[in-house]
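*Asks:* Before we start, here is the structure in question, set down as structure tokens.
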Amino acid sequence: MSAAPVVLTIAGSDSGGGAGIQADLKTFTSLGAFGTTAITCITAQNPDGVRGVAPIDPDMVVAQINAVYDAFDVCAVKTGMLYSAEIVSAAASVLKERNVRNLVVDPVLVATSGDDLASGNALETMASELLPLATLITPNVHEAAVLTGKEVSSVEDMENAAKELECRFKTSCVVTGGDLDDADEISNLLCYEGALKRIPCRRVPAVSTHGTGCTFSAASAAFLMLGEDVPTVVEMACNYVASRLSTL
């Protein structure tokens, strides 16, 4: 058993080590948490692109989640790449049964390189079964556009998307703006308890952003289990990502 607080990541494996469960575990360790995993997919990828995806059988995903819960007091959970509707549904079902606490859903749909990371009806199943369980959802502008069915190409669009998703799923939503433009400052738009808050973050120039969404959501889960409120969690996670990028 771990003396450190336990966080579970349910996500895909990145052979390049920059995203997915590899990024999550590095983040948890850096923040003093004990990281556990349920692997949903094995990917062949690097910062340049995704070369292949092999999904894990949904029953095996459930078995991994149950194995962790049976041995540990899981303080927080984050989900990343779930890939298929079957895996989304299986994960959502067991998390609901386990009365999941502090769930951060990173609705991974597309890699930084532009490669698709979801198939079939994964989006619809995520919207109906998983997102309503979340404490915080963390879409980037591309994922927010897919979830809302509307263009998200400005700060105003981000505000509207965050409000719509918070209202629809009855959970806090932060739309991250790192992919929006090349300004020196990144705008992240949080809707929390019906109120909008812009959370700026400095942009670190000339570094690869591969895996930053995974790191942000993993840090958010780690900070949530400390008992911080959601706006504070988002600010802390933004600052953590910027500090990590500045060391590359």
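*Asks:* Just one of Ala161, Ala218 is modelled with pLDDT of 95 or more, surrounded by 13 or more Cβ atoms within 10 Å (Cβ to Cβ), of a type in the set (A, V, I, L, M) and within 21 Å of Thr9 (Cβ to Cβ); which is it?
*Replies:* Matching residue, one of Ala161, Ala218: Ala218.
*Asks:* Of all the strands (runs of 3 or more DSSP E) wholly in the stretch 6-111, which have at least 1 residues that are modelled with pLDDT under 95 and crowded, with 18+ Cβ neighbours inside 10 Å?
*Replies:* Hits in the stretch 6-111: 6-14, 34-46, 49-55.
*Asks:* Can you work out which of the residues in the stretch 6-21 that are touching a strand residue (DSSP E or B) at 6+ places or on another chain (Cβ under 8 Å) and free of Cβ contacts under 8 Å to residues at least 60 places away in the same chain is nearest to Phe72 (Cα to Cα)?
*Replies:* Only one residue tops the list, namely Ile21.
*Asks:* To continue, here is another question. Out of everything in the stretch 185-214 that is buried (at least 23 other Cβ atoms within 10 Å of the Cβ) and farther than 22 Å from Ser154 by Cα, what residue ends up being modelled with the highest pLDDT?
*Replies:* Cys214
The values are calculated or read from the model by the stated rules, or taken from the named source; none is laboratory data. Keep in mind that this is a model prediction, so the values were computed, not measured. Cβ coordinates were reconstructed from backbone atoms using ideal geometry, including for glycine residues, and neighbour counts include every protein chain displayed.
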